[in-house]
Amino acid sequence: MKTIRAILVGIAIWILAVSAYTISFYIPILEDAELQANLVLMLAVIPLVWFGAAFYYRREKTTHGFLVGIIFLLVSAFLDALITVPVFMVPNGIDHYMFFTAPGFWLIAMVFVGIVVLYYYIKIANRTLTITK
């Protein structure tokens, strides 16, 4: 497993996801800006994690997608705790506890890991099985 590579890809995913979340506040489409930002984040996470997994697996073909997804998620959660919550959430009255116990956070976390596992089974595991037969 290329841990440093997984961490760097996780950082890139986090930067792009937080950017999408933040930018969505400046483009008013829905009346509820928080709901809109969360919807944008959910929609942005899917392709970001997919392309992040594709980038990670360009050179690494053996690490299971669940482990890679967990690393991506842990990196994002760490950066959320360190940067996102203090900078973006605390001014809006949301502390670390509220942020990390919100159902939306855990839904996005499951999507995060699920997308990498899905990518692994679609793109990596099938090729590995057919090559070894």
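The values are calculated or read from the model by the stated rules, or taken from the named source; none is laboratory data. Treat the numbers as computed from the prediction; the structure is a model and nothing was measured. Note: ideal-geometry Cβ built from the backbone for every residue, glycine included; neighbour counts use all protein chains shown. For the accessible areas, the whole protein counts, side chains as well, though only heavy atoms, and no ligand, DNA or RNA atoms are used. Shrake-Rupley method; radii C 1.70, N 1.55, O 1.52, S 1.80 Å.
Examine segment 83-97 for a residue that is within 15 Å of Lys2 (Cβ to Cβ) and of a type outside the set (Ser, Thr, Tyr), and state whether such a residue exists. Walk me through how you get there before you give the answer.
Initially, segment 83-97 is screened for residues within 15 Å of Lys2 (Cβ to Cβ), giving none.
No, segment 83-97 contains no residue that is within 15 Å of Lys2 (Cβ to Cβ) and of a type outside the set (Ser, Thr, Tyr).
Here is a yes/no grid of residues against (1) of a type outside the set (Gly, Ala, Ser); (2) modelled with pLDDT of 90 or more; (3) open to solvent by 50 Å² or more (accessible area, probe 1.4 Å):
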residue	(1), (2), (3)
Pro28	yes, no, yes
Arg58	yes, yes, yes
Leu67	yes, yes, yes
Phe99	yes, yes, no
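Are there any pairs, at least 6 apart or on different chains, whose C-beta atoms fall under 7 Å, with the first in segment 67-93 and of a type in the set (Gly, Ala, Ser) and the second open to solvent by 50 Å² or more (accessible area, probe 1.4 Å), and if so, which?
Ala81/His96
Filter segment 82-109 down to residues that are of a type in the set (Gly, Ala, Ser) and under 20 Å from Ile23 (Cα atoms), then give me how many there are.
Selection size over segment 82-109: 2.
Looking only at residues in segment 83-95 that are open to solvent by 30 Å² or more (accessible area, probe 1.4 Å) and within 18 Å of the chain's Cα centre (by Cα), which one is modelled with the lowest pLDDT? Talk me through it step by step, then tell me what you get.
Pass one, segment 83-95, residues open to solvent by 30 Å² or more (accessible area, probe 1.4 Å): 83, 86-88, 90-95.
Retained after the next criterion (residues that are within 18 Å of the chain's Cα centre (by Cα)): 83, 88.
On the way: Ile83: 96, Phe88: 88.
Ranking the qualifying residues of segment 83-95, first place goes to Phe88.
For segment 30-56, which positions are among the charged types (D, E, K, R) and either at pLDDT 95 or above or assigned to a helix (DSSP H, G or I) (or both)?
Applying the first criterion (among the charged types (D, E, K, R)) to segment 30-56 yields 31-32, 34.
Of everything in segment 30-56, just one residue is among the charged types (D, E, K, R) and either at pLDDT 95 or above or assigned to a helix (DSSP H, G or I) (or both), namely Glu34.
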